[in-house]
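Structure first, then comments.
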Amino acid sequence: MGQRSAVYEMRRGLMSGSNSTVRRALVERVNAGPQLEGLRPSQCTTRDMFAMVVNPSVLNNVVAYKPIADFMAEHGLENPYNITNETVQSHVHSLLSRYRIYIQNEPQAAPLKIAFLFLCSIVHPTKQIKIEGITLNPSFRDNASFYEADFCTFRGAAEEEGGLEVIYSEKADEKLRQKCGNPLPHELIDASKEERVATCCEFSNLLISMLRIAGIKAELNLVRGETHANVIVTIGNKYYCLDPAEARLERLSVKPDTVVGDNIGIFKHYANEAYWRANQGDLDKAIEMLELLLKWGLNDPIIFNNLGLSFIQRNREGDIDKAIRCFDISIAINKQYLQAVNNKALAMIMSGRLIDAKNYLHEVIDEHPTNAYAYCYLGEVLVKLRYAKEAMRAFNAAITAGPDQVINYIDSIEPADRTFFLWQLMGEAYSRNKDYATARGMFMQAIKMNNRSTAAWLGLAKVNLMERTFISGFIGYGRALLSWISNLLIKNPIPLMVVR
């Protein structure tokens with residue numbers, strides 16, 4: 001089987017530009033989007049590779065770590081919540097001056113109006129802002145154009161209204177990300193309108209720093225299993241959720257227990273910095289940042305997993321061994337962290353330790369019988385060891401355990417390196433997901449490469465019957481029978497996968 005290209009495109013960088021031939025690895029992403037369970041094809045983004053990191057239960061224990069200010073000063077790190085930054089201060093005071101009438105005409109509501117004003121100022125003007133559990137008086141209709149009288153909704157502010165027109169983007173190859181990595185609030189403000197991009201984390205850091213300059217209590221909030229970030233504002237005894245990435249303001253009955261301290265937010269910011277750099281192909285910088293975070297004193301499985309992935313991608317002499325050690329530590333911290341479990345198998349395969357990998361994967365499957373990636377890697381090892389029948393059983397077990405994971409696994413293999421068997425597996429996986437149109441294409445590709453594949457003909461027949469193309473279905477069953485007879489007579493095996 002050919003090695004799979006690791007295409008970095010930041011966060012397609014996470015990103016693009018790497019000439020490495022290392023295969024993409026499994027990851028999970030935290031605080032910037034959906035959690036990812038597996039590899040995507042070579043054209044997918046680097047965000048499929050590395051995890052964005054936060055571990056509130058650990059990091060909130062301030063006794064366990066150096067004082068954040070001392071650590072940052074020692075290592076030359078900038079605080080993303082720096083309220084003394086002149087750029088951010090100037091932007092905030094400019095907004096307050098522009099909309100002073102809107103703020104002053106209802107003094108008791110001023111803090112909430114300021115918070116809403118800042119939210120509007122960073123949301124892109126093409127977005128309407130949802131307001132939940134609260135009524136805002138549109139008394140500033142003539143003073144600003146946030147309020148749309150025809151629809152009674154609010155929207156983000158254009159640049160001429162003092163807005164930044166920040167665009168939500170998770171691409172690694174954005175100009176600002178290539179310059180700054182994980183943009184700080186002042187870097188977002190100083191950037192040209194065309195370059196202003198942010199994830200939910202970067203949006204939230206910007207809004208928090210602006211709110212604090214205005215004297216409003218604002219904290220980072222990590223929700224949905226730590227896959228999304230927004231801001232919690234406290235005004236008196238009332239709590240509000242401001243979500244710039246989703247353009248939403250919501251009144252809350254209680255303060256969420258998902259709010260985290262600045263030590264977590266700052267740590268996460270620099271973990272994400274490593275995430276971006278790795279996916280932009282700047283692996284030396286990513287490794288440097290991840291190792292710095294370990295000096296912070298954190299034993300976080302995601303950090304070790306990402307460091308291992310960085311070593312795999314760099315793939316210099318000794319890096320694969322370092323990667324395996326990182327995955328071992330990650331697994332020791334959290335035995336249920338399947339990304340590290342699977343990545344260790346990948347590293348073992350890459351290092352040529354096939355017997356060790358086979359034994360390890362059998363242990364993994366015994367402990368995690370629904371881990372489809374483990375079955376896929378086991379099938380790959382067995383193919384390399386020339387155990388064809390056992391490999392087929394492993395891949396078929398993977399289909400049963402998780403069709404989506406099988407699709408992701410095969411997608412990580414360059415199409416030119418896929419044999420008929422892998423196309424057939426793709427067809428089975430899409431068929432399990434009831435995506436019959438795509439499944440038909442996969443089966444037809446398998447048949448094109450090997451018209452004696454009984455399983456591919458059977459799969460095609462079943463798909464046609466499910467889509468009520470009965471004549472084609474019955475013809476497919478006939479061709480499957482002929483191919484079975486042909487295989488009995490010829491007995492000339494065709495390889496399941498390309499082994500290189």
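The values are calculated or read from the model by the stated rules, or taken from the named source; none is laboratory data. The model shown is predicted, which means the values in this text are computed figures rather than measured ones. Positions of Cβ are generated from backbone atoms using ideal geometry, with glycine treated the same way; all protein chains shown enter the neighbour counts. Just the protein is used for accessible areas: all its heavy atoms, side chains included, with ligands, DNA and RNA removed. Shrake-Rupley method; radii C 1.70, N 1.55, O 1.52, S 1.80 Å.
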### Task
Normalise the Debye intensity by I(0) for the stretch 328-454, one equal point scatterer per Cα, no solvent, then take log10 at q = 0.12, 0.14, 0.18, 0.19 Å⁻¹ and round to two decimals.
-0.45, -0.61, -0.96, -1.05
### Message
Between Q336 and E78, what is the label-point separation in nm under the 7 Å Cα-to-beta-carbon projection?
### Response
3.9 nm
### Query
Do any of K295/K384; K389/K434; K179/K268; K171/K268; K113/K193; K127/K171 go past 29 Å between their Cα atoms, and which?
K295/K384
### Query
In Å², what does the accessible area per residue of the stretch 320-429 work out to with a 1.4 Å probe?
38 Å²
### Query
Where does the charge balance sit around G478 when Lys and Arg score +1, Asp and Glu -1, over other residues with C-beta under 15 Å from its C-beta?
+3
### Task
Quote the FRET efficiency, to the nearest 0.05, computed for M466 versus T370 with a Förster distance R0 of 25 Å and r equal to the Cβ-Cβ distance.
0.50
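Can you tell me the FRET efficiency between E414 and E291 if r is taken as the Cβ-Cβ distance and R0 is 35 Å, rounded to the nearest 0.05?
On the way: r = 32 Å, r/R0 = 0.91.
Calculated value: 0.65.
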### Message
With a 1.4 Å probe and all protein chains left in place, how much of the accessible area of the stretch 346-475 comes from carbon and sulfur atoms, in whole percent?
### Response
54 percent
### Query
With the Cα gyration tensor of the stretch 235-303 giving a ≥ b ≥ c as the square roots of its eigenvalues, does the rule (a/c under 1.5 for rounded; else a/b larger than b/c for prolate; else oblate) give rounded, prolate or oblate?
prolate
### Selection from A446, G402, N433 lying farthest towards where the dipole of the stretch 368-489 points positive, charges on Cβ
A446
### Query
How large is the Kirkwood hydrodynamic radius of the stretch 395-483, in angstrom, based on all distinct alpha carbon pairs?
12.7 Å
### Proximal charge balance of N396 [Cβ under 12 Å; K/R count +1, D/E count -1]
+1
### Message
Based on C-alpha coordinates, I'd like the Rg and Dmax of the stretch 273-335, in Å.
### Response
10.8, 29
